[in-house]
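Undergrad: Dropping the structure in here first, questions after.
The values are calculated or read from the model by the stated rules, or taken from the named source; none is laboratory data. Small disclaimer: the values here were computed from a predicted structure and weren't measured. Backbone-built Cβ (ideal geometry, glycine too); neighbour counts: all protein chains shown. These accessible areas exclude ligands, DNA and RNA; they are computed on the full protein's heavy atoms, side chains included. Shrake-Rupley method; radii C 1.70, N 1.55, O 1.52, S 1.80 Å.
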Amino acid sequence: MIPDLAFYLLAALTLLCGFLVVANPLSRNPVTSAMFLVLTIASLAGLFVLLRAFFLAAVQVLVYAGAVMVLFLFVIMLLDLGAEERRAIKRLGLLAGGVSVAALAVLVRTAIHESPRALPPAGPPLEGATGSLGELLFRQYLLPFEIVSVLLLVAMVGVILLSKKDLK
Amino acid sequence: MTGAHVGLEQYLVVSALLFSLGLLGVIARRNLLVIYMSLELMLNAANLALVACSSFHHNLAGQVLVFFIITVAAAEVAVGLALIVALYRLRPTTHVEDLTSLKL
């Protein structure tokens, strides 16, 4: 019963904070959005814990709530966006957004409804602990792992190039 | 569905709602940085769906995929924000409607 309650609590927190990232009625400041994004990510990490994906919950907090959000806040503060806040949201954009979200909702609803319900029988709960995940990562998924490391290197070189004074 | 034991369906519904919120942000908001945050929201919604499916199907491959998604998203954020800063040096705005030189 308690995990169920925790699920509903964390899900509500996730969706509420997600909504406040996108459309905060009180503040149009990007810093507020970033702060609510941190909260969204933290409650998502809570949902990961409920799903027993402990390693991913830790990575979520470390990488997303830590590194990525610091990067976001750093850039927001660097750009000095004081004058950017007050502009009306375009009606057309809001309308287009509403229509596409409704279309997506219908699509997902149909997909969930039509999908076969054959879940495997509830066995022992799957533990997403560091050990089992690491074993899989370094045996079966070794090549993608190495490719991702190269990708990170490429991204690092690209960022350094992009932040040079004159792009030559 | 209400009051029932929390299953895969509930997680997928949360994930779909979160994805819709992200999509709404990308389309309706006009600040480049907020659009970027909404993109992160969509990625996180996909991650939640993958972890939920992996957990309920007793298959760890989904969690490995989420690990890769988080890594790639971090690289994407770094490059994207560097691009935004470079753009801001050229034209001091983060409002997408001020950046229309490629528009017909």
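Okay, residues lined up against (1) of a type in the set (Ser, Thr, Tyr); (2) within 24 Å of A:Phe138 (Cα to Cα); (3) outside any helix (DSSP H, G or I):
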site	(1), (2), (3)
B:Glu9	no, no, no
B:Val13	no, no, no
B:Leu17	no, no, no
B:Gly22	no, no, no
B:Val66	no, yes, no
B:Ile69	no, yes, no
B:Thr100	yes, no, yes
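Undergrad: Okay, moving on. Do the conditions hold for B:Ala75, that is, is it assigned to a helix (DSSP H, G or I) and either in contact with a strand residue (DSSP E or B) (Cβ under 9 Å, 6 or more places away or on another chain) or closer than 18 Å to A:Ala45 by Cβ (or both)?
TA: Spelling it out, it is not the case that B:Ala75 is assigned to a helix (DSSP H, G or I) and either in contact with a strand residue (DSSP E or B) (Cβ under 9 Å, 6 or more places away or on another chain) or closer than 18 Å to A:Ala45 by Cβ (or both).
Undergrad: Which ones in the stretch A:4-47 are open to solvent by 30 Å² or more (accessible area, probe 1.4 Å) and at the interface with chain B (Cβ under 7 Å from one of its Cβ atoms)?
TA: A:Leu15, A:Phe19 - these are the residues of the stretch A:4-47 that are open to solvent by 30 Å² or more (accessible area, probe 1.4 Å) and at the interface with chain B (Cβ under 7 Å from one of its Cβ atoms).
Undergrad: Right, something else. Contact list please: Cβ distance under 8 Å, first residue in the stretch A:141-168 and at the interface with chain B (Cβ under 8 Å from one of its Cβ atoms) and part of a helix (DSSP H, G or I), second residue open to solvent by less than 100 Å² (accessible area, probe 1.4 Å) and of a type in the set (S, T, N, Q), pairs at least six apart or on different chains.
TA: Pairs found: A:Val148/B:Thr71; A:Leu151/B:Thr71; A:Leu152/B:Thr71.
Undergrad: Just the residues that are within 23 Å of A:Gly66 (Cβ to Cβ) and facing chain A (nearest Cβ under 7 Å), please, taken from the stretch B:29-66.
TA: Within the stretch B:29-66, B:Leu33, B:Val34, B:Met37, B:Ser38, B:Glu40, B:Leu41, B:Asn44, B:Leu48, B:Val51, B:Gln63, B:Val64, B:Val66 qualify.
Undergrad: Something else: If you scan the stretch B:79-95, which residues turn out to be more than 8 Å from chain A (Cβ to nearest Cβ) and surrounded by 14 or more Cβ atoms within 10 Å (Cβ to Cβ)?
TA: Within the stretch B:79-95, B:Gly80, B:Leu87 meet the criteria.
Undergrad: Return the only residue of A:Leu137, A:Leu94, A:Leu104 being over 18 Å from B:Asn59 (Cα atoms) and either at pLDDT 85 or above or more than 9 Å from every other protein chain (Cβ to nearest Cβ) (or both).
TA: Answer to the selection: A:Leu104.
Undergrad: Still on this model: Looking at the stretch A:48-58, which of the residues that are without any contact (Cβ under 8 Å) to a residue 60 or more places away in the chain and touching a Phe, Trp or Tyr at 6+ places or on another chain (Cβ under 7 Å) is surrounded by the most Cβ atoms within 10 Å (Cβ to Cβ)?
TA: The extreme case among them is A:Ala57.
Undergrad: Here is a follow-up. Can you tell me which residue within the stretch B:15-53, out of those that are open to solvent by less than 10 Å² (accessible area, probe 1.4 Å) and of a type in the set (Val, Ile, Thr), is farthest from B:Val72 (Cα to Cα)?
TA: Going through the qualifying residues, I end up with B:Val34.
Undergrad: Okay, moving on. Is it fair to say B:Leu104 is open to solvent by 30 Å² or more (accessible area, probe 1.4 Å) and part of a helix (DSSP H, G or I)?
TA: Criteria not met by B:Leu104.
Undergrad: Answer with yes or no whether A:Val59 is within 7 Å of another protein chain (Cβ to nearest Cβ), at pLDDT 90 or above and more than 21 Å from B:Leu21 (Cα to Cα).
TA: Yes, satisfied.
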